[in-house]
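This report refers to the structure that appears directly beneath it.
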Amino acid sequence: HYPSLFLASDMAEATDFRVETAISADVPAWVTVCGQLAPLISILVFLAPIPTMQQIKREKTVGGKPLLPYSSMIANCLICVVYGFLKSEPKIMAPNSIGLLLGTYYFTAFRRHVSMDAANLPGTASQHWNGLVIFITFILLVATTLTKDLAVEFMGKLGILICMIMFASPLSTMKVVI
């Protein structure tokens with residue numbers, strides 16, 4: 001009986017290898033390259049606010065700039081870190097951990113130079129802080145209380161929504177620009 005069991009498992013492994021090889025053979029090279037570059041490119045995107053932070057520190061004011069891009073960066077990166085952790089995906093976890101640290105730095109630098117009663121962020125700095133504390137608590141509760149599969153699905157869908165907010169948040173300055 002044992003030899004046939006080993007043979008069956010060997011065949012299953014060989015079949016899995018052939019399936020993976022067939023799938024990877026069907027993927028265009030540019031898709032593979034993009035997949036490899038995505039973590040690096042996302043880190044570059046998270047570095048984009050550095051000139052703005054330098055300007056804020058130099059001028060010691062945020063002017064009419066919004067806080068929303070940095071708040072949403074923290075929220076988005078936290079979701080992606082938790083999602084990557086739940087899925088055991090370092091290519092998601094690692095760059096978003098860097099984004100979470102950078103977002104926290106940007107948020108902190110911004111708050112140092114904004115009037116606490118400024119209401120053009122949109123909202124106030126205190127509202128952003130309170131919102132982030134509630135959001136972080138909620139995400140950690142979801143990740144630790146739901147089943148892994150349900151938490152992964154929820155984090156994935158919420159992550160898409162927060163990502164759209166993050167990339168749309170610079171539009172909150174449109175009324176200032178126009």
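The values are calculated or read from the model by the stated rules, or taken from the named source; none is laboratory data. Computed from a prediction, not measured in an experiment: that's the story for all the values here. Using ideal geometry, Cβ is built from the backbone for each residue, glycine included, and neighbour counts are taken over all protein chains shown. Keep in mind that these areas ignore ligands, DNA and RNA; they rest on the heavy atoms of the full protein, side chains included. Shrake-Rupley method; radii C 1.70, N 1.55, O 1.52, S 1.80 Å.
Structure values in brief
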read-out	value
The one condition in (1) open to solvent by 30 Å² or more (accessible area, probe 1.4 Å); (2) more than 23 Å from L171 (Cβ to Cβ) that G84 fails to fulfil	(1)
Qualifying residue in the range 147-155 (condition: under 20 Å from Q54 (Cα atoms) and of a type in the set (D, E, K, R))	no
In the range 116-134, the residues that are at pLDDT 95 or above and either open to solvent by 90 Å² or more (accessible area, probe 1.4 Å) or aromatic (F, W, Y) (or both)	I134
Of all residues in the range 50-70 being among the hydrophobic types (A, V, I, L, M, F, W, C) and within 12 Å of L102 (Cα to Cα), the one that is least open to solvent (accessible area, probe 1.4 Å)	M53
Test for L140: is it in contact (Cβ under 8 Å) with a residue 12 or more places away in the chain, surrounded by 12 or more Cβ atoms within 10 Å (Cβ to Cβ), within 17 Å of the chain's Cα centre (by Cα) and under 13 Å from L86 (Cα atoms)	yes
Residue in the range 32-49 that is farthest from V114 (Cα to Cα), counting only those that are open to solvent by 60 Å² or more (accessible area, probe 1.4 Å) and among the aliphatic types (A, V, I, L, M)	V33
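Here's the yes/no breakdown for (1) at pLDDT 90 or above; (2) open to solvent by less than 20 Å² (accessible area, probe 1.4 Å); (3) touching a Lys or Arg at 6+ places or on another chain (Cβ under 8 Å):
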| position | (1), (2), (3) |
| --- | --- |
| S72 | no, yes, no |
| A75 | yes, yes, no |
| K91 | yes, no, no |
| A94 | yes, no, no |
| F107 | yes, yes, no |
| F110 | yes, yes, yes |
| V114 | no, yes, no |
